[in-house]
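Since the structure comes first, as structure tokens, the remarks are kept for the end.
The values are calculated or read from the model by the stated rules, or taken from the named source; none is laboratory data. In this text the structure is predicted, and so the values were computed from the model without any measurement. Quick reminder, even Gly has a Cβ in these numbers, built from the backbone with ideal geometry, and neighbours come from all protein chains shown. All accessible areas refer to the heavy atoms of the entire protein, side chains included, with ligands and DNA or RNA removed. Shrake-Rupley method; radii C 1.70, N 1.55, O 1.52, S 1.80 Å.
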Amino acid sequence: TQSIPNLTITAVNWTTEEFDTGTAFDLGTDRFTPTQAGYYIFHAAARFDNIPDAFGGTVYIYKNGTNIADS
């Protein structure tokens, strides 16, 4: 559970992970640091409660400080 101010991009504080065989994701810093070169698949989901019907939420994925994907 995390509060997000209206119309503000806010980093999500992840508290769990489901699949990380190389332990490359650090829950303390919310950063993924690969241990070997290659391609990686990321899946993220967030639920937004108590927002007006006219507004939705967007999830962004950043790489080195740059937005590379959003939904």
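If we count every other residue with Cβ under 15 angstrom of ILE61's Cβ, Lys/Arg +1 and Asp/Glu -1, where does the sum land?
Working: positive: ARG31, LYS63; negative: GLU17, ASP30, ASP70.
Net charge in that neighbourhood comes out at -1.
Take the solvent-accessible surface of the protein heavy atoms, probe 1.4 Å, and return the percent of it on the chain that carbon and sulfur atoms account for. Write down the numbers at each step before the final one.
Numbers: 3470 of 6760 Å².
Its accessible area is 51 percent carbon and sulfur atoms.
Could you state the accessible area per residue of the chain in Å², with a 1.4 Å probe and every protein chain left in place? Write out the running numbers ahead of the final one.
Values: 6760 Å² over 71 residues.
Ligands and nucleic acids excluded, the result is 95 Å² per residue.
Determine how many Å³ per residue the convex hull of the Cα atoms of the chain encloses. Show your work: numbers first, answer last.
On the way: hull volume 8.4 nm³, N = 71.
Hull volume over Cα atoms, normalised by residue count, gives 118 Å³.
If you stretched the chain out fully between ALA24 and HIS43, how much longer would it get, using 0.36 nm times the residue separation minus the C-alpha to C-alpha distance?
Details: separation 19, 0.36 × 19 = 6.84 nm, distance 1.47 nm.
Stretched out fully, the ALA24 to HIS43 stretch lengthens by 5.4 nm.
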Query raised in the report: For the stretch 28-34, what does the Karplus curve 6.51 cos²θ - 1.76 cosθ + 1.60, with θ = phi - 60°, yield as ³J(HN,Hα) per residue in whole Hz, taken in order and with x for Gly and Pro?
Result: x, 10, 6, 10, 9, 10, x
**Report entry** Heavy atoms of TYR62 accessible to a 1.4 Å probe, total area in Å² rounded to 10
**Finding:** 110 Å²
Report summary line: Once amide hydrogens are built 1.01 Å from N within the peptide plane, the residues lying 5 or more places from TYR62 or on another chain with amide H under 5 Å from its amide H are ILE68
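If you filter the chain for trypsin sites (Lys or Arg not before Pro), then keep DSSP loop positions with at most 15 other Cβ within 10 Å, what is left? Spell out each step's value before the answer.
On the way: sites: ARG31, ARG47, LYS63; in loops: ARG47.
In loop regions of the chain (DSSP not H, G, I, E or B), the sparsely surrounded trypsin sites (Lys or Arg not before Pro) are ARG47.
Would you kindly state how much longer the chain becomes between ILE9 and LYS63 on full extension, computed as 0.36 nm times their sequence separation minus their alpha carbon distance, in nm to one decimal? Let's see the in-between values first.
Numbers: separation 54, 0.36 × 54 = 19.44 nm, distance 1.54 nm.
Contour length minus the Cα-Cα distance gives 17.9 nm.
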**Report entry** Cβ-placed point charges (K, R +1; D, E -1), dipole of the chain about Cα centre in debye, nearest 20
**Finding:** 180 debye
Report summary line: Whole-Hz Karplus couplings 3J(HN,Hα) for the stretch 6-18, θ = phi - 60° and coefficients 6.51, -1.76, 1.60, Gly and Pro as x, run 4, 6, 10, 6, 10, 5, 7, 8, 6, 10, 9, 9, 10
